[in-house]
Structure formats: C-alpha cells, structure tokens
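Novice: Please see the structure below; I have some questions.
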Amino acid sequence: MKLQLAPGLTIRSSQIHGKGCFATMAFRRRHKIAEYAGERISNAEARRRAHRKTLRICEVNNRWSLDGSRGGNGTHYINHSCMPNAFMQILYDHILFIALRDIEPGEEITIDYETTLHPDDKKCICGAPTCRGTINIV
C-alpha cells in the first residue's frame, strides 16, 4: 500500500537523519503545514512500542497517542532540529504542524521534539549552530 502524503509534502533523504519531510510548496509563517496522522493507540501501548529503533509516535493527550508508522501521511518523517522551522500544536485532540517562519519549496520541515519517549541521553545530530546535543530537553 502506497503512503498517501499530506498535500504540499514529499519524503526524501535527509542530511539530519534517514528520511525527512520536505515542502513541495511554500508555507507562510504561522500557517498550518499538515496534521499528524496514524494509528490511534493508548499511551500504555505507545510506551510498549517505544523500544523500537525508530519511533513515529506522538502523544495526543494523557490517554491517546498516534503511531505514524501505521496509517501515517508522511508527517511522521518530520525530523528534530534544535533550530526548527515549524512547531507542533495539539488542538482539540488533533496534532498540527505550524510554520514558525516562511518555508520555501525544497526545505526540510523540522520541529524541536523537546520531550519524547527516547532516552534523555539520545544524541542529537541536527547540525544546528545552537544544537543542545540531545533530542529531549534535559
């Protein structure tokens, strides 16, 4: 089954990590890029799946998470950066990606993961001049 991508996005090799999510159209500052999609699972199941090498899970609220590796729309390839061009906002149990600044076609979409199911000592490899050295804020 072919991945159905969110409009305006494509997936290709990333200099940050593996594959990344890239803009195919311009996104204006403070405008929605896309909504995170995936299988709805309990947070207990999310913690159980957290042992995987590659995590594609986002918490929606204190009860539910979405696993983008199952039924995702490409937004699960948005990589972490300590100097992101977008941010994630949860609104009425929907996970939205919003542009922090104008994003041009061809740019990789990145967010600061801040807090994840990854161990706190997981190294960051974003390459940003302001890189803090870890994925999670510790």
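Novice: What's the extension gain from residue 51 to residue 10 if we count 0.36 nm per residue and subtract their Cα-Cα distance?
Specialist: Here the segment from residue 51 to residue 10 would lengthen by 12.0 nm.
Novice: Which one of 74, 20, 106 has the biggest mean-square fluctuation once the chain is modelled by GNM with Cα springs under 10 Å?
Specialist: It is 106.
Novice: Estimate the FRET efficiency between residue 69 and residue 132 by the formula 1/(1 + (r/R0)^6), using the beta-carbon distance for r and 22 Å for R0, to the nearest 0.05. It would help to have the intermediate numbers written out before the result.
Specialist: On the way: r = 26 Å, r/R0 = 1.19.
With R0 = 22 Å, the Cβ-Cβ based efficiency is 0.25.
Novice: Separate question: Give, as ranges by residue number, the residues of the range 56-89 whose backbone N falls under 16 Å from the point 7 Å along Cα→Cβ of residue 43.
Specialist: 57-67
Novice: If one computes P(r) from the Cα atoms of the range 34-88, what percent of pairs lie at distances over 18 Å?
Specialist: 32 percent
Novice: To continue, here is another question. Of 75, 24, 110, which has the largest mean-square fluctuation in a 10 Å C-alpha GNM of the chain?
Specialist: Its mean-square fluctuation being the largest, the pick is 24.
Novice: Determine the gain in length on full extension of the stretch residue 102-residue 121; use 0.36 nm per residue of separation and subtract their C-alpha separation, reporting nm with one decimal.
Specialist: Length difference between fully extended and current span is 3.7 nm.
Novice: Viscosity 1.002 mPa s, temperature 20 °C: Stokes-Einstein D of the chain from its Kirkwood Cα radius, in µm² per second? Working shown, then result.
Specialist: Numbers: Rh = 15.2 Å.
The diffusion coefficient I find is 141 µm²/s.
Novice: Among the trypsin sites (Lys or Arg not before Pro) in the range 38-92, which ones are in a DSSP loop with at most 13 other Cβ atoms within 10 Å of the Cβ? Mind listing them? Numbers along the way, then the final one.
Specialist: Values: sites: 40, 47, 48, 49, 52, 53, 56, 63, 70; in loops: 52, 53, 56, 63, 70.
When the trypsin sites (Lys or Arg not before Pro) of the range 38-92 are filtered for loop state and at most 13 Cβ neighbours within 10 Å, 52, 53, 63 remain.
Novice: For the chain, how many pairs of lysine residues have a Cα-Cα distance under 25 Å, where the two are 8 or more positions apart or belong to different chains?
Specialist: Eligible lysine pairs with Cα atoms under 25 Å apart amount to 9.
Novice: Let me ask another. Using a simple charge model, +1 on the beta-carbon of Lys and Arg, -1 on the beta-carbon of Asp and Glu, nothing else, what dipole does the chain show about its Cα centre, in debye to the nearest 20?
Specialist: Value, rounded to 20: 300 debye.
Novice: Once you list every other residue whose beta carbon is under 12 Å from the beta carbon of residue 96, what net charge do they have if Lys and Arg are +1 and Asp and Glu are -1?
Specialist: Local charge sum for residue 96: 0.
Here, each number is a calculation from the coordinates, and none is a lab measurement. Keep in mind it's a predicted model, so treat the numbers as computed, not measured. Backbone-built Cβ (ideal geometry, glycine too); neighbour counts: all protein chains shown.
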